[in-house]
Ligand SMILES: [Zn+2]
């Protein structure tokens, strides 16, 4: 009972903090102090709120010139988002974020390699972001390419990064249904690709897995639906 009351007060406090943060971000951007005040739960909530504003057409009308001025001496972003290069999936737009708010890493098929892990380590350990989002999307061309075993120049070896996700999806077994013509199969592979990417981050980056274990960051997967604009997080 008493604990429930504390939890309620905590969530109210977080709510007030969030509203204050939204007002702050209309004209300003994150500061060292505001970044330090955000934990990974709040960081996730800020992204959820941003996607909701995007869906409701109630995006914050930002003063970019002011944000440029404010970030000219330093940046204090709260989140790192790994997403696809797909022209429909711009993290800043779909999460309604401004200048200095998020580190945006983009590569076809949103997988990681050493260079991307290094970028994430910089973003979290040195620049202080509190959450890493691995964001897949429906109808992903790179995932379709991996499903179809497409061959083209450097794309051939790049698609190898997504192949483990194709193998991980066991249904359907009929080879004729395991290609880009079956969009439900493609979307299942995209989801597996997100889960495997998170596993790979934890397995291949000691810096980031230690930060997850000590609670200073969280890594979460999500899926952007290109038909609706909605992000669903895998919580
Ligand atoms: Zn894609």
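The values are calculated or read from the model by the stated rules, or taken from the named source; none is laboratory data. Just so you know, these numbers come straight off a predicted model, no measurement behind them. Heads up, the Cβs are rebuilt from the backbone with ideal geometry, glycines too, and the neighbour counts pull from every protein chain shown.
Just give me the residues in region 62-87 being assigned to a loop (DSSP other than H, G, I, E, B) and either within 21 Å of residue 126 (Cα to Cα) or touching a strand residue (DSSP E or B) at 6+ places or on another chain (Cβ under 7 Å) (or both), in sequence order.
Correct list: 72, 73, 74, 75, 76, 77, 78, 84, 85, 86.
Within the bounds of region 173-186, is there any residue that is over 22 Å from the mean Cα position of the chain (by Cα) and within 15 Å of the ligand (Cβ to nearest atom)?
Scanning region 173-186 turns up at least one residue that is over 22 Å from the mean Cα position of the chain (by Cα) and within 15 Å of the ligand (Cβ to nearest atom).
I need every pair where a residue in region 195-216 that is on the phi > 0 side of the Ramachandran plot has its Cβ under 9 Å from the Cβ of a residue that is part of a helix (DSSP H, G or I) and surrounded by 15 or more Cβ atoms within 10 Å (Cβ to Cβ), sequence separation at least 6 or different chains.
Short answer, once both residue conditions are applied: 215/40.
Modelled with pLDDT of 95 or more and closer than 30 Å to residue 204 by Cβ - does that describe any residue in region 22-33?
Within region 22-33, not a single residue is modelled with pLDDT of 95 or more and closer than 30 Å to residue 204 by Cβ.
Please go through region 68-88 and give me each residue that is in contact with a helix residue (DSSP H, G or I) (Cβ under 8 Å, 6 or more places away or on another chain) and either over 30 Å from residue 143 (Cα atoms) or away from the ligand (no atom under 16 Å from the Cβ) (or both), ordered by number.
74, 76, 77, 78, 79, 80
Based on what the data block shows, is residue 91 touching a residue at least 24 places away in the same chain (Cβ under 8 Å) and away from the ligand (no atom under 12 Å from the Cβ)?
It is true that residue 91 is touching a residue at least 24 places away in the same chain (Cβ under 8 Å) and away from the ligand (no atom under 12 Å from the Cβ).
Take region 165-203 and flag every residue that is farther than 16 Å from residue 146 by Cβ and either touching a helix residue (DSSP H, G or I) at 6+ places or on another chain (Cβ under 6 Å) or surrounded by 14 or more Cβ atoms within 10 Å (Cβ to Cβ) (or both).
Those that are farther than 16 Å from residue 146 by Cβ and either touching a helix residue (DSSP H, G or I) at 6+ places or on another chain (Cβ under 6 Å) or surrounded by 14 or more Cβ atoms within 10 Å (Cβ to Cβ) (or both): 198, 201, 202.
Given the conditions (1) under 23 Å from residue 216 (Cβ atoms); (2) modelled with pLDDT of 95 or more, report the number of the one that residue 53 does not fulfil.
That leaves (1) as the condition not met.
Residues of region 140-150 being more than 8 Å from the ligand (Cβ to nearest atom) and surrounded by fewer than 20 Cβ atoms within 10 Å (Cβ to Cβ), which ones?
Answer for region 140-150, where residues must be more than 8 Å from the ligand (Cβ to nearest atom) and surrounded by fewer than 20 Cβ atoms within 10 Å (Cβ to Cβ): 148, 149, 150.
Hey, could you check region 94-114 for residues that are farther than 20 Å from residue 130 by Cα and away from the ligand (no atom under 15 Å from the Cβ) and say which is surrounded by the most Cβ atoms within 10 Å (Cβ to Cβ)?
113
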